Number of protein chains: 2
Amino acid sequence: MVKEQNTEDRIVDAAKKVFINKGMDGARMQEIANEAGINKALLHYYFRTKNKLFEKVFSLVFGDVLHVIEQAVTKETDFEQFLENFIRQYIRLLKNKPFIPQFVIHELNRKPERIVAQIQSKNVIKEQMFSIIERAVEKKEIRPIQPVHLVTNILALCIFPFVAKPMVKGLALDDDEKKYKQYINERPDEVVAFVKQAVLLR
Amino acid sequence: MVKEQNTEDRIVDAAKKVFINKGMDGARMQEIANEAGINKALLHYYFRTKNKLFEKVFSLVFGDVLHVIEQAVTKETDFEQFLENFIRQYIRLLKNKPFIPQFVIHELNRKPERIVAQIQSKNVIKEQMFSIIERAVEKKEIRPIQPVHLVTNILALCIFPFVAKPMVKGLALDDDEKKYKQYINERPDEVVAFVKQAVLLR
DNA sequence: ATCTATTTTAACCTTTTGGTTAAATCGTTT
DNA sequence: AAACGATTTAACCAAAAGGTTAAAATAGAT
């Protein structure tokens, strides 16, 4: 956020922007250099290859996502609090960086092995989430549901409006950016309410 | 599905396969030619440019999706039937062509104008869906919910497990393809139940 | 048999792009 | 002032990729 940053950071920020918007294939080193306000030679001086730069960017972006999830998961609260917290935090992240999911998904499908590389740090999170859900089921706070399904349901509801923005905006909202923003602002409440209705036992 | 097809169809099928897997940027004309069992010269003989070929493929694929949606929407039934029908049909489509959503989403984000071009045919569908939902709300069959949100919720729940396959499989299912298939098979029931719980008034 | 459209072969062109290199410049530190 | 790292300039290279072309081969129809 500070104007004062060193070249390496400027490069990484520029690369984030370009890679996220264009993907690995669509991104051009020249464009990244321009975006960073430097020239191609210096770009390669810092990061020898496009691939190295991309890997750096990917792990940073994916790290951001994991961090938010971890944050929400490790706060020991009851299920309802966890749900609210998780959904609102997650959507807030995506509101600030709306291209993250498309980027992550696209690159994950392009090179699924990457997941395996970082699997250990995620496994902790997974176990945590699953156990929160299982406990809630045992305590009859929510109806019986497999953790995998509930987790993917929640993620789906949070992520979809961002990856499918042109569809949502174009098809349902008269291609009106204001209406889309309004819609996005309504999302946290909507998703929380939807999921609660779907699983909470009353 | 027939082995006997003319060259143009073979090309289009091959192009579908490659474009869907690699995207516009990642796809190679040579690879499409190989996949179709012909050479590059003949490929360009049928489709002068990569772009023309791509546009053809995109509209075909997107047409498939719209067709399924249209099918489900135009069957005049009550809300519950519509819900079941829509979800099961849609997931069946994705089970057969799992790469469609990622492809459509990626290309839609790359060139959002494309939506505007086909907007009229979709507007009918949209109106139909929205009115089904509004009627259900009026009749107190479901709790009050904005059609945009409900529609996107349903689409999200259907689509996400396919676009995020590596994540679901890797994170939650021990990277086990069998478990993933099992999970996908459970999806229709799960989604139907989830949505019903979330909106149906009992 | 010949005409026609289809298909192949293979060479070729051009543009784009990732990446390199060498020399010069600028700025800071010592 | 000298020295060093950071940065620019600009030319260059090689590979990849989209696209073209011309000539030959193949096959089907009249």
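Residue-wise test of (1) under 25 Å from residue A:192 (Cβ atoms); (2) open to solvent by less than 30 Å² (accessible area, probe 1.4 Å); (3) within 16 Å of DNA strand D (Cβ to nearest atom).
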{"site": "A:73", "(1), (2), (3)": "yes, yes, no"}
{"site": "A:87", "(1), (2), (3)": "yes, yes, no"}
{"site": "A:110", "(1), (2), (3)": "no, no, yes"}
{"site": "A:116", "(1), (2), (3)": "no, no, no"}
{"site": "A:125", "(1), (2), (3)": "yes, yes, no"}
Residue match in region B:47-59 (condition: more than 16 Å from DNA strand D (Cβ to nearest atom) and out of contact with any Lys or Arg (no Cβ under 6 Å at 6 or more places or on another chain)): yes
Of all residues making up region A:118-140, the number that are at the interface with another protein chain (Cβ under 10 Å from one of its Cβ atoms) and in a helix (DSSP H, G or I): 7
Top-ranked residue in region A:24-55 [being of a type in the set (Val, Ile, Thr) and within 9 Å of DNA strand C (Cβ to nearest atom); ranked as most open to solvent (accessible area, probe 1.4 Å)]: A:49
Selection status of residue B:141, without any contact (Cβ under 8 Å) to a residue 40 or more places away in the chain, more than 25 Å from residue A:102 (Cβ to Cβ) and either surrounded by 21 or more Cβ atoms within 10 Å (Cβ to Cβ) or in the same structural domain as residue B:73 (by TED's automatic domain parsing) (or both): no
Extreme residue, farthest from residue A:186 (Cα to Cα), among residues of region A:75-130 that are touching a residue at least 60 places away in the same chain (Cβ under 8 Å) and aromatic (Phe, Trp, Tyr): A:103
Residue A:11 within 14 Å of DNA strand D (Cβ to nearest atom), touching a residue at least 24 places away in the same chain (Cβ under 8 Å) and open to solvent by less than 10 Å² (accessible area, probe 1.4 Å): yes
Flag for residue B:93 being closer than 30 Å to residue A:21 by Cβ and more than 16 Å from DNA strand D (Cβ to nearest atom): yes
Yes/no for residue A:177 being over 27 Å from residue A:76 (Cα atoms), free of Cβ contacts under 8 Å to residues at least 24 places away in the same chain, open to solvent by 10 Å² or more (accessible area, probe 1.4 Å) and not β-branched (Val, Ile, Thr): yes
Boolean, residue B:21 is open to solvent by 30 Å² or more (accessible area, probe 1.4 Å), at pLDDT below 95 and within 14 Å of DNA strand C (Cβ to nearest atom): no
Test result for residue A:103, touching a helix residue (DSSP H, G or I) at 6+ places or on another chain (Cβ under 6 Å) and assigned by TED's automatic domain parsing to the domain that holds residue A:183: yes
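Matching residues to (1) open to solvent by 20 Å² or more (accessible area, probe 1.4 Å); (2) under 25 Å from residue B:199 (Cα atoms); (3) at pLDDT below 95:
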site	(1), (2), (3)
A:103	no, no, yes
A:113	yes, no, yes
A:121	yes, no, yes
A:134	yes, yes, no
A:145	no, yes, no
A:183	no, yes, no
A:190	yes, yes, no
A:193	yes, yes, no
Helices (runs of 4 or more DSSP H) enclosed by region A:1-111 - at least 3 residues per element that are more than 14 Å from chain B (Cβ to nearest Cβ): A:7-26, A:29-36, A:40-46, A:50-74, A:79-96
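The values are calculated or read from the model by the stated rules, or taken from the named source; none is laboratory data. The structure presented is a predicted model; accordingly, all values stated were derived computationally and were not measured. Backbone-built Cβ (ideal geometry, glycine too); neighbour counts: all protein chains shown. Note: areas computed on protein heavy atoms with side chains; ligands, DNA, RNA excluded. Shrake-Rupley method; radii C 1.70, N 1.55, O 1.52, S 1.80 Å.
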